[in-house]
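See structure below.
We did not get these values from a lab; they are worked out from the coordinates using the rules stated. All figures in this text were calculated on a predicted structure; none of them were measured in a lab. Methodologically, a virtual Cβ is constructed for each residue, glycine included, from the backbone with ideal geometry; neighbour enumeration extends over all protein chains shown.
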């Protein structure tokens, strides 16, 4: 078992020095916090993760969720985590104090997600989903819903979920068929099947509150006819007591990873007695749900970055202990073998892991910073941060997932045969992280969102603002002799991205949308590499300032030197991958759009 | 469950049309075979795989190998497969008729490995290892060893293994410490620990024959002191009966994948009564073992290509059945949803899978063709094929493994959430194939072998011969209007590879071997992409000839069109990846060689 999974020094460097969380404290919304109190919160989160989550990582996997006679049995630690999270207020971390939240900056709240996912990604989803579901009720629920559900959820007594997917409708939510029939009593009768519902049911939890998409009888076709309902497993009866609400768990899924995190299939209203309570206005459900989906997308990114971090620390620890072979310039066989961390190929894999994990977390904090600035600003400023966040959301969801999978795979490879065995956590991380490219919209869907919607948002204003943000970073780096070269490299990469974007814009202008979007994923990959290069340049600027100030020594010095070295690594080994992506996108060969025959044989 | 795992049409196309197995029939060694008899063999292999292997894929995984009180319990199908393989002569497929083999061309014998691994990679390793171990006895064993072991192994009654790795010595075999003490009786007393031994022990098998590396007492240090021994689990006593030979199974490994393929740790001679029988001359063990290792490396490549093929067929089948969303140019929501195989992003992933799986198999057949030509030729010709095979072995081991992992990951992604669940085989393929980058020398070790040894073999003659082979293919393609463009692209890629090789040669000339080899893996990746592009051009030439002849219709026509389309896909989406690799290798930044501090934090 590895002994570490995140670096608090790195978290604090990114939060305070690179992404300047202190900027937010000047606004009344976050005025109750300061740098010290935030550090205390981070330290507490790490202690809680050390105690409640990390020790159970392997157990949660081995003690796979069980399903028998409609009941779901999970690891007992899940209930303890829900209770701890509820009692400590973490489920309401980003929400206003007046509804029972902590009113924490999103930048800090997301670190809860990150640290907990790094510690044990089989446990952190339960409170995380409850937080998101509660958020929908806070934002769009009426007083009765808030009264009935909120406190129970924020205290971790009731689980929250998002119930969107149906067997025939996953990526294409327009095609859901769960039906909601209004009743004179004010509630709706819900009937349908929901699948792939995370945390959808488990023994020991008092209640499960499903934030459910359904169509009201007679609603318009497609996304415009989708409404949002609260559909609890048990409803509160007239006597104030809980009674069954026609939500049956039809089965669970056995999965590659996250075996301790239950994924259910739910049958709603098989007994024609399943009450649903409308959230907000009819037919606006998908728009409401996007609040939770967008938050969840950033969460998934933070989970990917978290698992990648845990894998990095585990493989670094192994590489420092395991000896094998000798360095090539000194191959005296009578010498003892060297630690494998000294071999260039191992170092290449470790730096790649570090570049992905820390670059990914930096982008997560960049996005949540925009979220916070959006919350505290007005007018044009507010719009600016909204657009930047919208543009970066598909990237922050996708890069830490996709690159994270590669990164964990490198981590497994560092361990050689041991990486393939259950004696070390790498094989579990490898299984667990794989879902991150699928959750909350697959990589393909995120890429369509990026190219088909976000890049064109407000006539391309979002994209322009993003270029402006990068421009600012490049200008600062260009003034530093140590970073000039990398600022220049990023500049050409940005130009390449702009060129490819224009190329695609011309295709869009022809009206052939299928061709325009055909290479959305390579485009997203290219965009992501540029965005992460930007984040590394930001980190480099901060680290370089510290190094130039010559105030640090020893291990502290090493931390900043390591940052600069990893920046270089990313620019040498990862960033140039844009070349092949751009070549494919602009090839004009049009090889993936279906013509007469699918040509797959 | 998917219904297909390989394409017989593709196998026969590659074997007959692209790699012209018929060329071999003119030589006495293979004169007993002709095209028809080889097709019958292929068809039989597929039928055997359909009956004995494929139906047990999931079971072998779920019924994980068990270890209790020194005994190993495996799925009963393993014994049936060993028996079937033995009875049908497959374990001796590539060996001479006079020792009980089938004297099959390696090109055909490897298809046994490929088809069986595609059908069920948890089962095929048992006979495959036995074949390799028997091969060592045939090549280097004395009459007594042949007499005692060969028939039992070739008939599948006794399992064979390779016992190299020790807890302290995996990649660095020089550091093994298993000791062999000569006795007056002629055998050696063996003592040591061997780990990660595949198929090392299981209930129901009569005997297990470990081809074991050990050092004879007083042997020189390092690889020059390694000898090869037959160390059976049970030795044949004076009475001709089997008796225990001091080989204890100390434990098994629980693994990410191949859970039905047992991996053991063996304690040899804890009772000071473990007989080992020397194979060949003392201190030549590692050289002998390289025969089995090289064969195993090609096998591993074929297994990687096989699993990638199975995953491709499973995800293609899913994509043809699953409907979701609508095509972008026709988004009428009242229309039924379209099959996802019609979406460009899904098609991109499927073509990538096909390009990797079929490109990988083509390289496997190229290598085994060299092996066969080496076997039937003399003098300079023989040396030529030896050098080509040596050069390509690290590639054929690595590419189908590494790119195969990516390819299976794409396959899993095609299925979305279902890909993550045990209801479909993708998640198992994803786990199973991961070991291929570790078996028989990790990717890092193969890359060191390629750059540090093979490229320089005979003063670079191997590399020159390889360039000549590609030159021949490019010249042929350049004469075809349909392929000119790709011949030109490959030409620039080859020039780039030569340039990078020269760049590295200059570093080698400085004597800084660590720096020279630091980027061996990116170099190998670049080299592999070029080699696979060459294989696709070869396939393209053959397919194009058929299309130009205008003799095929319908599905047959589609097969060849699909080949050309996939060639283009590889050249547009995969081959340009060399650019980033070349940039990293020639960057001159020297970021992975350890200096004073490891800078990993």
Expected sort for B:507, B:176 with the fewest Cβ neighbours (10 Å cutoff) up front is B:507, B:176
So, in nm and shortest first, the distances from residue A:50 to its counterparts in the other copies, with label points 7 Å along Cα→Cβ, work out as 6.1
What's the minimum Cβ distance from chain A to the axis relating it to B, in whole Å, and which residue gives it?
A:579, 2
Here the averaged projected area of segment B:442-589, based on the convex hull of its alpha-carbon atoms and given in nm², is 9.7 nm²
Shortest-first nm distances, residue B:284 label point to equivalent points in other copies (7 Å, Cα→Cβ):
8.6
How many Cβ atoms of partner chains, on average, are near each residue of A:420-429 if near means within 10 Å of its Cβ?
4
Calculate the length of the line joining the C-alpha centroid of segment A:141-186 to that of segment B:1-56, in whole Å.
56 Å
Residue order, fewest to most surrounding Cβ atoms within 10 angstrom, among A:59, B:58
A:59, B:58
What distance in nm lies between label points placed 7 Å from Cα along the C-beta direction at residue A:25 and residue A:545?
1.6 nm
Taking just the C-alpha trace of segment B:199-307, give me its Rg and Dmax in Å.
15.9, 46
Would segment B:370-430 count as rounded, prolate or oblate if I go by the C-alpha gyration tensor, calling it rounded below 1.5 in a/c and otherwise prolate when a/b exceeds b/c, oblate otherwise?
prolate
What average number of partner chain Cβ atoms lie no more than 10 Å from the Cβ of the residues making up B:405-412?
2
Would you mind ranking B:377, B:227, B:302 by Cβ crowding within 10 Å, fewest neighbours first?
B:377, B:227, B:302
Output the relative contact order of chain B, whole-number percent, from Cα pairs under 8 angstrom with separation of 6+ residues.
12 percent
Going by the alpha-carbon gyration tensor, a ≥ b ≥ c the square roots of its eigenvalues, is segment A:265-414 rounded (a/c under 1.5) or, if a/c is not under 1.5, prolate (a/b greater than b/c) versus oblate?
oblate
Here the whole-number average of other chain Cβ atoms within 10 Å per Cβ of B:343-355 is 6
Spacing of the two label points (7 Å from each Cα toward its C-beta) at residue A:177 and residue A:88, in nm:
4.5 nm
For label points placed 7 Å from Cα toward Cβ, what is the shortest-first list of nm distances from residue A:168 to its copies?
6.6
Translational D in µm²/s for segment A:1-149 (Stokes-Einstein at 37 °C, 0.692 mPa s, Kirkwood Rh from C-alpha pairs):
196 µm²/s
Relative to chain A, whose Cα atoms define the longest principal axis, helix A:379-414 and its Cα axis are tilted in degrees, nearest 10, by 70 degrees
When the C-alpha atoms of chain B are aligned to their principal axes, what extent does each axis show, in angstrom, from largest down?
81, 61, 58
Counting DSSP beta bridges in chain A, what percent are antiparallel, to the nearest 5?
80 percent
For helix A:106-120, what angle does its Cα long axis make with the longest principal axis of chain A, in degrees from 0 to 90 and rounded to 10?
80 degrees
When ranked by the protection proxy of mean other Cβ atoms within 10 Å per residue, highest first, what sequence do the peptides A:124-137, B:17-30, A:233-246, B:264-277 form?
A:124-137, B:264-277, B:17-30, A:233-246
Taking 30 Å as R0, compute the FRET efficiency from the Cβ-Cβ separation of residue B:185 and residue B:221 and round it to 0.05.
0.60
Please compute the Cα-Cα pair-distance distribution of the protein assembly as shown with 10 Å bins starting at 0, giving whole percents from short to long.
2, 10, 18, 23, 21, 15, 8, 3, 1, 0
Treat each spin label as a single point 7 Å out from the Cα along the C-beta direction, and report the residue B:485 to residue A:239 distance in nm.
7.6 nm
Quick check: the distance between the Cα centres of segment B:449-485 and segment A:525-548, to the nearest angstrom?
40 Å
